[in-house]
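Here the structure is laid out as structure tokens; the discussion comes afterwards.
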Amino acid sequence: MSTKPAELAKAYDPAAVEGRIYEFWESNDSFRADAASDKPPFTIMIPPPNVTGVLHMGHALNNTLQDIVIRHRRMAGYEALWVPGTDHAGIATQAVVEKQLFQEKNIRRQDLGREGFVAEVWKWREHHGDFILKQLRRLGCSCDWSRTKFTLDEDMVHAVMTAFVRLWEKGLVYRGARLVNWDCTLMTAVSDDEIEYVPRKGSLWYIRYPLPDGSGHLTVATTRPETMLGDTGVAVHPDDERYRHLVGKKIVLPLMGREIPLVADDTVDPEFGTGAVKVTPGHDPADYVRGAKHSLPVVNILNPDGTLNAEAGSYAGLPRAEARKKVVADLDALGLLEKIEEIDHNVAVSDRSKDAIEPLISEQWFVKMEPLAKPAIAAVKSGRLVFAPERWAKVYLDWLENVRDWCISRQLWWGHRIPVWYDEDQVPAASVTPLEIGSPHPKTGKPIVRQDEDVLDTWASSWLWPFATLGWPEHTPDLAKFYPTQFLSTAREIIYLWVARMVMAGYELLDHLPEDQRCPFDVCYINATVLDGIGRRMSKSLGNGIDPIEMIDRYGADAVRYSLVMLTREGQDVKLSENRFELGQRFCNKIWNATRFALANLDGVPDASPGDALEDRWILSRAGETVRVVSHALENYHFHDGAAELYRFFWNDLCDWYLEVAKRRLSGDGTAADRETARATLLRVLSVTLRLLHPYLPFLTEELWGYLPGTEETLIRAEWPADVDLPRDESAEADFDRMRDVVTAIRNVRASMNVPPSTAIEVLVDPEDPELGRVLAETRDLASPMARIESMTVQAGLTRPAGSAAAVVRGGTVYIPLAGIIDLDVERDRLAKEHERLVNLIGGAEKKLANENFVSRAKPEVVEREREKLESLRSDLAKVEAARKEMG
RNA sequence: GGGCGAUUAGCUCAGUUGGUCCAGAGCGCUCGCCUCACACGCGAGAGGUCACUGGUUCAAGUCCAGUAUCGCCCACCA
């Protein structure tokens, strides 16, 4: 076992435990999975964070959940594998390194050239990459680090190339000129899913387009006046009376002087602006469609860097913003600017650069999505793949059912370079293994002259993650054993970007497997979004993020994990502030101290079996119930429910009652045999409970486990408790509850009468129900210390002592003679309040039972229960009334 | 414009198939306790017309319809 202090500290100190325990696990190879194992597999693929990433709360929550699942399954008899790794994150990483190179050495990537720059990025990764994986270790994640992957690892490259070539050969990859979302800062195309719309104040410019005969003009409204330089038409609604006579005629495009047609198109909204819209097919998606419909030419006026090109005439060379100013000024000078309105509108910006997206025509690579989407849709509709919470299935399906082709080429240097080479006639050839320059083209035989310059979208490698990490396309033992996986936990933002695409890839590429084995995971769990204390997203720009590592330093990893799970109800967003981690911290400390106390009595293996004493039977029964609840919760990924049940059981059952009640026996205040059975019971319950807690609180529980007598193996590899060994003992639970009722009632009286704990009291009980009498006779030794009772008389029909307080409990009345201490007014108030409460409840029950409809139509057992309730309430009321009468 | 969430104690949230977990938990608050594991603790309390309006039902935080407020996603009007 690991080296550890001889004595447990008074308070749990995570810092003294976590590092040591984690090393202990690693040195024992505790996280490693074996493909040759006979156990059934259970696999989780980590959503690979960006290699540049730093752990945030979303990661902390997501990876805590995955670790809980994998630890539970590992204990529950599965060959559990959690594969970690990072994503090369093309744009993000390239941007980080470019920025650093510029700041530190004042060089641009163009200065280094492609090879030089890519070498710099690799260098950066060696030094700074995978930092986040180290942070995951701090959280306690039990990933199989021996299988760590990076999306640009050699075998991953091989997988990506293979996938591309296969799709190419099936005709699912094509190249073509399309209107794409262009990021002028990063100078690359980005996919539809990588842009966002932000509301901004803008202007609507009304521009006059003259008629060629000089007889007047037509006014169009636009938010992007500079794009008029690329206009190739103007459109109006066919039913618009104002313009009907002009349809088919030519109009003069100002500044450029060319004549463009006026066309009728029913996509034009007559209500907006002037009802006439300029058509710029080269720089607007809607216009691109309109232009195609009316055979209008496409004019591209932009260079990749956002400056205007030769198509813009005299404006060539100007940056976009400058061009806009000049166009507006020139139009104004010509008297063609009718007016300017201020409007609020949405501007498309790039997720990465936050620069305004310019739609422009360019040659790109696309994946045909519709054929791939079909099996992915069927997977969810058939129930093969389920989402948790279920509602996210709809989001997934909506996207897939309306999916558009995926632009997979990026004009970057960092990433998987597209495996396509061209001969001197520009005839392409795709190949998994690189084609040498000068080697013959496999089809034409002519020499290869160049490779495609573009790299693939990052998601074009991460969509292969579930199987490429296991060695695909090779048929490795890992792939055979661990694919498909069982559980995926991720964020809702990447249902389209990642989840849907992984499913498509699985069905398309794992064609050596039977249909139902291709789906990459059984369950896709969409976890909660972590918000700040007042409900805003945590973000760098707001500076409202909470650093998980800082919280781990302050509260401990287990506390962070546990608090997050307790605060997060399935998929429901959570508002988080720093002090909320105290919840987990307190619980950890409670467990630490309770176990510390138990261990003081557990020197050596007990010489007995768990006992027959009521309290022993009770806690064993409760423990069994906890095993059932927690197992069920974890099997169904109800993390919060399991955590809450453990909290309740450990604190309220085990600590508040069992430990308190067992102290007498444990301290040797009874027979030796009594002590041994108590010790055996305690050890049994602790052993079960620490195992149940382990997935949530791995460090603390592993540490404490090492101190339990008779534990040879590590907790991480211990067996999950079986509930069959701990059957429900209903009579023990019922009896214990009766005893508890009496104790609570007495404590209540003591508190309201201000009887200090140092004053022991005398108690008399009149058990109307003989069961209560029996239980109290048996449990007198249990109850007495719990309520500081000096002597307890249990006798049916006893007369109430003068000057005593009375408390009605189920099945009887408890009298507490408090001559000299009792405040009669307080007692009168207490009884009056109790009287009122009972009268109200009785009224409700009577009314209900008087309702014939209720009696005749409700289920018989419901009616019967209501009758019993009323009866018991009436009996309680009678007792209270008697007590009040005696007081006078 | 379309879709989806949320609205329960001062705060953060639980409340499974409608009827003893129709009112819960943690924090905070009040009162009393350094009771030989824990003051990161122990015991006892106070505190809510379950957003609003209708409806279904013998019976509704719990089902249905609508309203309001807040939030998220998708689409995007030049």
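Using a simple spin-label model with pseudo-atoms 7 Å out from Cα toward Cβ, A:THR744 and A:GLU401 lie 5.1 nm apart. Across q = 0.23 Å⁻¹, segment A:337-424 modelled as identical point scatterers on its alpha-carbon atoms has Debye log10 I(q)/I(0) values of -1.17, in the order of the q list.
Annotation note: trypsin sites (Lys or Arg not before Pro) in segment A:1-70 located in DSSP loop regions with a Cβ neighbour count of at most 11 within 10 Å are A:LYS10. Applying a DSSP loop filter and a limit of 16 other Cβ atoms within 10 Å to the trypsin sites (Lys or Arg not before Pro) in segment A:187-280 leaves A:ARG242, A:LYS249, A:ARG258. With kT/(6 pi eta Rh) evaluated at 20 °C and eta = 1.002 mPa s, and Rh the Kirkwood radius from Cα pairs, segment A:397-481 diffuses with a coefficient of 141 µm²/s according to Stokes-Einstein.
Here's the picture: charge each Lys and Arg Cβ at +1 and each Asp and Glu Cβ at -1 in chain A, and of A:HIS72, A:LEU620, A:CYS655 the one pushed furthest to the positive end of that dipole is A:CYS655. The tail of the calculated P(r) for segment A:203-342 beyond 22 Å holds 32 percent of all Cα-Cα pairs.
Restricting the calculation to alpha carbons of segment A:479-631 gives Rg and Dmax of 22.5, 62 angstrom.
Please label the shape of segment A:553-617 as rounded, prolate or oblate, based on the square roots a ≥ b ≥ c of the eigenvalues of the alpha-carbon gyration tensor (a/c under 1.5 means rounded; beyond that, a/b larger than b/c means prolate, else oblate).
Prolate, since a/c reaches 1.5 and a/b exceeds b/c.
Per residue, the solvent-accessible area of segment A:360-399 (1.4 Å probe, heavy atoms of protein chains only, all protein chains present) comes to 46 Å². For segment A:580-658 and segment A:267-326, write down the distance between their C-alpha centroids in whole Å. Segment A:580-658 and segment A:267-326 have Cα centres spaced 69 Å from each other.
Pairs of Cα atoms nearer than 8 Å and 6+ residues apart set the relative contact order; for segment A:74-223 it is 20 percent. Taking every C-alpha pair closer than 8 Å and separated by at least 6 residues, the mean separation divided by the residue count of segment A:364-472 gives a relative contact order of 26 percent.
Give the separation of the Cα centroids, segment A:480-542 to segment A:81-107, in Å. Centre-to-centre distance over Cα atoms comes out at 23 Å. Could you tell me which residue out of A:ASN601, A:LEU262, A:ALA718 lies farthest along the dipole of chain A toward its positive end? Charges go on the beta carbon: Lys and Arg +1, Asp and Glu -1, centred on the Cα centre. Projecting each Cα onto the dipole axis, the largest value belongs to A:LEU262. Rounded to the nearest whole angstrom, the semi-axes of the ellipsoid equivalent to segment A:672-792, taken from the Cα gyration tensor as √(5λ), stand at 37, 18, 14, largest first. When you work out D = kT/(6 pi eta Rh) for chain A at 4 °C and 1.567 mPa s, using the Kirkwood radius from C-alpha pairs as Rh and the Stokes-Einstein form, the result is 39 µm²/s.
Dipole of chain A computed with +1 at Lys/Arg Cβ and -1 at Asp/Glu Cβ about the Cα centre; of A:ASN748, A:PHE366, A:GLY233, farthest Cα towards the positive end is A:GLY233. Here's the list of aspartates and glutamates a cross-link from A:LYS326 could span, going by alpha-carbon distance under 15 Å and ignoring same-chain residues fewer than 8 apart: A:GLU226. Taking every alpha-carbon pair under 8 Å whose residues sit at least 6 apart, chain A reaches a relative contact order of 12 percent.
What the Cα convex hull of segment A:395-548 gives, in volume per residue, is 188 Å³. Output the pairs from A:LYS149/A:LYS381; A:LYS149/A:LYS540; A:LYS293/A:LYS381; A:LYS848/A:LYS879 with a Cα-Cα distance over 26 Å in this structure; if there are none, say none. Where the Cα-Cα span goes over 26 Å, the pairs concerned are A:LYS149/A:LYS381; A:LYS149/A:LYS540; A:LYS293/A:LYS381. Charged side chains reduced to their Cβ positions (Lys and Arg at +1, Asp and Glu at -1) give chain A a dipole of some 940 debye around its Cα centre. For the pair segment A:681-746 and segment A:767-823, the centres of their Cα atoms are 32 angstrom apart.
The values are calculated or read from the model by the stated rules, or taken from the named source; none is laboratory data. Small disclaimer: the values here were computed from a predicted structure and weren't measured. Here the Cβ is made from the backbone with ideal geometry for all residues, glycine too, and neighbour counts use every protein chain on show. Just the protein is used for accessible areas: all its heavy atoms, side chains included, with ligands, DNA and RNA removed. Shrake-Rupley method; radii C 1.70, N 1.55, O 1.52, S 1.80 Å.
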